[in-house]
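Colleague: Here it is, the structure in full.
Values in this text are rule-based calculations from the coordinates and carry no lab data. As the structure is a prediction and not an experimental result, all values here were calculated from the model. Cβ placement follows ideal geometry from the backbone for every residue including glycine, while neighbour counts extend to all protein chains displayed.
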Amino acid sequence: MAKKILIAFGSRYGSTEEIASEIVKVLEDKGALPELMDLKARKKPEMGIGEYDGYIVGSGIKIGKWTKEAENFLKDNCGRFREGAPFAMFVSCGLAEEDHDKAIDDYITKITGKYGIEAELYDAFGPMYDFTKDSRLGFLNKKIVKSMSKNSGQTYEDGKKYDFRDWERIREFALEFEEMLNEE
């Protein structure tokens, strides 16, 4: 029987949403039934939280913080996830490119401790900066990213996208989660 997985995410500019969508594709290819839930849309999951066979929660990070929707989802549901079901978390952030271990500690370990959640699988993936005119990043945020990047020697040009996400690693994360589902 196919396993039902809730993949809930909070994304400000679309990068985390694209990561979550890639995880869905990988899990569907393996025969699972993932449900993608954009927490910003505040859509209710198809089933009760405790009825899923597994959970993945992801968030973009801005100024050191999870999206409020993703953090509220964890806070509101931390005691309602099905016991024994695999639970995974991921973040997408600039720090993951500079210091992966610090990104895990700052953005995964701290939030799991805050809400008493135990994630069996977790990772921090790099960001995607979109400086095209149709970008969801917005003028002020583009300016902030450009300003912060000068310290590292990185320069960004208008009209381009800079994708620092490791797509192979994201797919491996999804496959590892799928293996955990089958062990259950």
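Colleague: Any idea which of CYS78, LEU121, PHE177 is furthest toward the positive side of the dipole for the chain, if Lys and Arg beta-carbons carry +1 and Asp and Glu beta-carbons -1?
Modeller: It is CYS78, whose Cα lies furthest towards the positive end.
Colleague: Quick check on the chain: helices-only [θ] at 222 nm, where DSSP H runs of length 4 and up contribute -39,500 (n - 2.57) each and the sum goes over total residues. Nearest 500, please.
Modeller: -10500 deg cm²/dmol
Colleague: To the nearest 20 debye, what charge dipole does the chain have about its Cα centre, counting +1 at the Cβ of each Lys and Arg and -1 at the Cβ of each Asp and Glu? Numbers along the way, then the final one.
Modeller: Details: 29 positive and 36 negative charges, 249 e Å.
My answer is approximately 1200 debye.
Colleague: Please compute the net charge surrounding LEU33, taking Lys and Arg as +1 and Asp and Glu as -1 over other residues with Cβ under 9 Å from its Cβ. The partial results should precede the final answer.
Modeller: Values: positive: LYS3, LYS4; negative: GLU28, GLU35, ASP53.
The answer is -1.
Colleague: Amide H neighbours of TYR52 under 5 Å, at least 5 residues apart or on other chains, H built in the peptide plane: list them.
Modeller: Those lying under 5 Å, H to H, from TYR52 are ARG82.
Colleague: Could you derive backbone 3J(HN,Hα) for segment 87-95 from the dihedral phi with the Karplus parameters 6.51, -1.76 and 1.60 (θ = phi - 60°), listing whole Hz in sequence and x where the residue is Gly or Pro?
Modeller: Result, ordered by residue: 10, 10, 9, 8, 10, 10, 7, x, 4 Hz.
Colleague: Please list 3J(HN,Hα) in residue order for segment 37-52, calculated via the Karplus relation 6.51 cos²θ - 1.76 cosθ + 1.60 where θ = phi - 60°; whole Hz, with x for glycine and proline.
Modeller: Listing the rounded values in order: 10, 7, 5, 5, 6, 6, 6, 6, x, 4, 10, x, 3, x, 9, 7 Hz.
Colleague: Once R0 is set to 30 Å, what does the formula 1/(1 + (r/R0)^6) return for the Cβ-Cβ distance between LYS75 and ARG171, expressed as a FRET efficiency to the nearest 0.05?
Modeller: On the way: r = 29 Å, r/R0 = 0.98.
Here the calculated transfer efficiency is 0.55.
Colleague: For segment 7-75, would you read off the P(r) tail past 20 Å as a percentage of all alpha carbon pairs? Show your work: numbers first, answer last.
Modeller: Values: 618 of 2346 pairs.
The share of Cα pairs beyond 20 Å in segment 7-75 comes to 26 percent.
Colleague: Taking 30 Å as R0, compute the FRET efficiency from the Cβ-Cβ separation of ILE63 and GLU157 and round it to 0.05. Could you put the intermediate results ahead of the total?
Modeller: Working: r = 24 Å, r/R0 = 0.79.
According to the calculation, E is roughly 0.80.
Colleague: Tell me whether segment 73-120 comes out rounded, prolate or oblate; compute the Cα gyration tensor, take square roots of the eigenvalues as a ≥ b ≥ c, and use a/c under 1.5 as the rounded threshold. Don't skip to the answer; put the middle values down first.
Modeller: Working: a/c = 2.63, a/b = 2.18, b/c = 1.21.
Prolate shape, in that a/c is at least 1.5 and a/b is the bigger ratio.
Colleague: Grab the other residues whose beta carbon is less than 10 angstrom from that of LEU121, score K and R as +1, D and E as -1, and report the net.
Modeller: Working: positive: none; negative: GLU120, ASP123, GLU176, GLU179.
Charge balance in the 10 Å sphere: -4.
Colleague: For a distance above 31 Å, tell me the whole-number percent of Cα pairs in the chain that qualify. Please list the in-between numbers first.
Modeller: Working: 2599 of 16836 pairs.
When every Cα pair of the chain is considered, 15 percent fall beyond 31 Å.
Colleague: For segment 97-110, in order, what is each residue's ³J(HN,Hα) by Karplus, 6.51 cos²θ - 1.76 cosθ + 1.60 with θ = phi - 60°, in whole Hz (x at glycine and Pro)?
Modeller: 6, 7, 8, 4, 4, 5, 4, 4, 5, 6, 10, 10, 4, 5
Colleague: Distance between Cα centroids, segment 103-121 to segment 51-91: provide it in whole Å.
Modeller: 10
Colleague: OK, next. Which whole-number percentage describes the relative contact order of the chain, with Cα contacts under 8 Å and a sequence gap of 6 or more?
Modeller: Numbers: 310 pairs, mean separation 41.8, N = 184.
Taking the mean separation of contacting Cα pairs over the length of the chain, I get 23 percent.
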